[in-house]
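The numbers here are math on the coordinates, done by the rules we state, and not lab data. In this text the structure is predicted, and so the values were computed from the model without any measurement. Cβ atoms come from the backbone with ideal geometry, glycine included; neighbour counts cover every protein chain shown.
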Amino acid sequence: MDQFELLKAARSRAKASISRLLTASQDPRAGSKWELDEIQVDAPMASGVGNENLVRFLEQQQQLNERLAEQQATVLRANSAANVMHNELPKIHIKLFTGDYKGWPAFKNIFESTIHSKQHLTAIQKLHYLKTYITDEAADLIRHMPITDAGYEAAWTCLIDRYNRPRHIVNTLLETFVNLPSTARADVTVLRKVTDGANEIVRGLDAAGQTNRDCWIIHFILAKIDAETRRKWIEGSRELESPSVDDLLKILDRRCEEFELSKSESDIDSKVGPQHGKAKRSSHALV
């Protein structure tokens, strides 16, 4: 009878331990190392019982202990990463990117060299840096990206797809150059704005890989032609990442040919007299 009572008591303690383990496994933050040590069956008391059910309970308890320990380790790693991210990340000075096309090449080059390519940084840390160095329209694009490894990859890809457009970048830079202030007298304020603005534009074109004259000539030619011809150029060169002056001149030549042929046909039609037209219509009527 005493052995039976011992068995019942040990079994009750095992069930209670398993229940506590199940509760703790649902929220690993609720447990601790000391609680794990407390959640165990009094083995000496059950050592002489030799009951199969009790053995099965103990095996389940061991499995739950391992599961809980693994979850607690995951939480500790996440907390550790968060602490490193907020307290130990080195300060890297990068000019904020707002979503302006002309600022993208420089931002992309600096971010990739100082953060994106660094193997010792986790993806979550890189995402923290990325969110720190973008603002305005660019920040809105990735505002709701989850703080996870996959979230960083998705955020960086989203920004590249949106802003890594060479022709938009070059056009924005050249528009900025055209709109630089001018003056007919010695004005140091205007002169400084022109000098600094031109330097910034040249550096931006270098970062975009535009080191030849073509982009300048194309921009100034397009400024001198009609809107419909510019639209024809955009359609005809859409697949060209970095079009050349020759590409533009070929399209303009085809456009001129269209006008010339169209004008010739119009001249021929205008020379057809009314009588000839009537005769032609009568001839058709007789057929």
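Return the FRET efficiency for the residue pair ARG238, ALA150: r is the Cβ-Cβ distance, R0 is 30 Å, and the value is rounded to the nearest 0.05.
E between ARG238 and ALA150, to the nearest 0.05, is 0.40.
Using 0.36 nm per residue of separation minus the Cα-Cα distance, give me the extension gain between THR229 and ASN199 in nm, one decimal.
7.6 nm
For PHE97, enumerate residues with amide H under 5 Å from its amide H, sequence gap 5+ or separate chain, H modeled in the peptide plane.
Amide H to amide H, under 5 Å and 5 or more residues apart or across chains, PHE97 pairs with ILE134, THR135.
Give me a comma-separated list of calculated 3J(HN,Hα) values for the range 169-181, in order, Karplus coefficients 6.51, -1.76, 1.60 applied at θ = phi - 60°, integers in Hz, x for any Gly or Pro.
Calculated HN-Hα couplings, in order: 5, 4, 4, 5, 4, 5, 4, 4, 5, 4, 8, 4, x Hz.
What list of ³J(HN,Hα) values in whole Hz, one per residue of the range 238-246 in order, does the Karplus curve 6.51 cos²θ - 1.76 cosθ + 1.60 (θ = phi - 60°) give from phi, with Gly and Pro shown as x?
Couplings: 4, 7, 8, 6, 9, x, 9, 4, 4 Hz.
What FRET efficiency, computed as 1/(1 + (r/R0)^6) with R0 = 35 Å and r the Cβ-Cβ distance, is obtained for GLN119 and LEU191, rounded to the nearest 0.05?
My answer for the efficiency is 0.15.
Compute the label zone of LEU96 within the range 174-210: residues whose backbone N is under 12 Å from the point 7 Å along Cα-to-Cβ.
none
Which of LEU173, LEU261 has the fewest other C-beta atoms within 10 Å, and how do the rest follow up to the most? Present the calculation step by step, with values, prior to reporting the outcome.
On the way: LEU173 25, LEU261 10.
Ordered by Cβ neighbours within 10 Å, fewest first: LEU261, LEU173.
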